[in-house]
1. Just for helices (runs of 4 or more DSSP H) wholly inside the stretch 115-209: which have at least 1 residues that are within 22 Å of P12 (Cα to Cα)?
2. Return the only residue of S116, S174 being under 13 Å from the mean Cα position of the chain (by Cα), under 27 Å from I88 (Cβ atoms) and not aliphatic (A, V, I, L, M).
3. Can you tell which of L44, L7 is touching a residue at least 24 places away in the same chain (Cβ under 8 Å) and under 18 Å from R185 (Cβ atoms)?
4. Hey, among the residues in the stretch 164-180 that are charged (D, E, K, R) and at pLDDT below 95, which one's most open to solvent (accessible area, probe 1.4 Å)?
5. Can you name every residue in the stretch 10-28 that is closer than 21 Å to D147 by Cβ, free of Cβ contacts under 8 Å to residues at least 40 places away in the same chain and of a type in the set (A, V, I, L, M)?
6. Go through T158, T142 for me and flag whichever is among the polar types (S, T, N, Q) and open to solvent by 60 Å² or more (accessible area, probe 1.4 Å).
7. Just one of E20, E34 is open to solvent by 30 Å² or more (accessible area, probe 1.4 Å), touching a strand residue (DSSP E or B) at 6+ places or on another chain (Cβ under 8 Å) and closer than 17 Å to A184 by Cβ; which is it?
8. Does at least one position in the stretch 67-90 carry a residue that is touching a residue at least 40 places away in the same chain (Cβ under 8 Å), of a type in the set (S, T, Y), open to solvent by less than 10 Å² (accessible area, probe 1.4 Å) and more than 14 Å from G141 (Cβ to Cβ)?
Amino acid sequence: MAIDVLLSGFAPFDGAATNESWEAVREAVPALVERGVDAEAVELPVEFGTASERLEEAVRGLRPRLVVAVGLAAGRTAITPERVAINIRDARIPDNAGASPVDEPVVPGAPVGRFSTLPVKAMVAALAAGEVPAAVSQTAGTYVCNDVFYALQHLLATDPALEGIRGGFVHVPSADVVDSPATARALVRMVEVALSTETDVRLAGGAEH
């Protein structure tokens, strides 16, 4: 089986009743299907290792052209495609299985970083054109979001059986900043841009800090 895009979101964590990433993904998938995009979604547990294993199973089973993992960044004020994942686990709070790794690699012996293969600047530019707050992010943190992002990029970069699949990660803000329907519409737009853009645009998207 091969599909156009696989989206993932996370289960609730840290005492929350919902997780905006999964709510937005659930709304984005039927909207993509209506537009003729063959899309599927998978909900990931907020657990180091287990989440990336669940995503890998879905990638191998569905063989998407594109993988967009989505997570919640509650303190942010914009939708932020991530540029780079780092090979580190350093948990400020325990995950949903109670694990609190400190200074552990995501993949032992692997490179310190892995870049997104999504056209992150083109995605941001498309959202900005629609007056949606968006920016390229230079850090996905060191919690389960980064864990999934790094494991995904490492998998796609090293497994010849998955050659040609592009992937990356998008952080979304809490619902009081951008509500789930608006976030879902933004995800749909970013997927459309990623499916139609092989080479990213050359626009300034850096940061001073």
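The values are calculated or read from the model by the stated rules, or taken from the named source; none is laboratory data. What you see is a predicted model; the values in this text were computed from it and never measured. When we count neighbours, we look across all protein chains shown, and the Cβ atoms used for this are built from the backbone with ideal geometry, even at glycine. Quick note on the areas: whole protein, heavy atoms, side chains included, nothing else; ligands and nucleic acids left out. Shrake-Rupley method; radii C 1.70, N 1.55, O 1.52, S 1.80 Å.
1. On the way: elements: 120-129, 144-158, 180-196.
By residue number, 144-158, 180-196.
2. Details: S174 fails: under 13 Å from the mean Cα position of the chain (by Cα).
Selected residue: S116, the only one of S116, S174 that is under 13 Å from the mean Cα position of the chain (by Cα), under 27 Å from I88 (Cβ atoms) and not aliphatic (A, V, I, L, M).
3. Working: L44 fails: under 18 Å from R185 (Cβ atoms).
Sole residue among the options that is touching a residue at least 24 places away in the same chain (Cβ under 8 Å) and under 18 Å from R185 (Cβ atoms): L7.
4. D176
5. Of everything in the stretch 10-28, just one residue is closer than 21 Å to D147 by Cβ, free of Cβ contacts under 8 Å to residues at least 40 places away in the same chain and of a type in the set (A, V, I, L, M), namely A16.
6. Values: T142 fails: open to solvent by 60 Å² or more (accessible area, probe 1.4 Å).
Step by step, each of T158, T142 is checked, and only T158 is among the polar types (S, T, N, Q) and open to solvent by 60 Å² or more (accessible area, probe 1.4 Å).
7. Working: E34 fails: touching a strand residue (DSSP E or B) at 6+ places or on another chain (Cβ under 8 Å).
After ruling out the rest, the residue left standing is E20.
8. So far as the stretch 67-90 goes, no, none of its residues is touching a residue at least 40 places away in the same chain (Cβ under 8 Å), of a type in the set (S, T, Y), open to solvent by less than 10 Å² (accessible area, probe 1.4 Å) and more than 14 Å from G141 (Cβ to Cβ).
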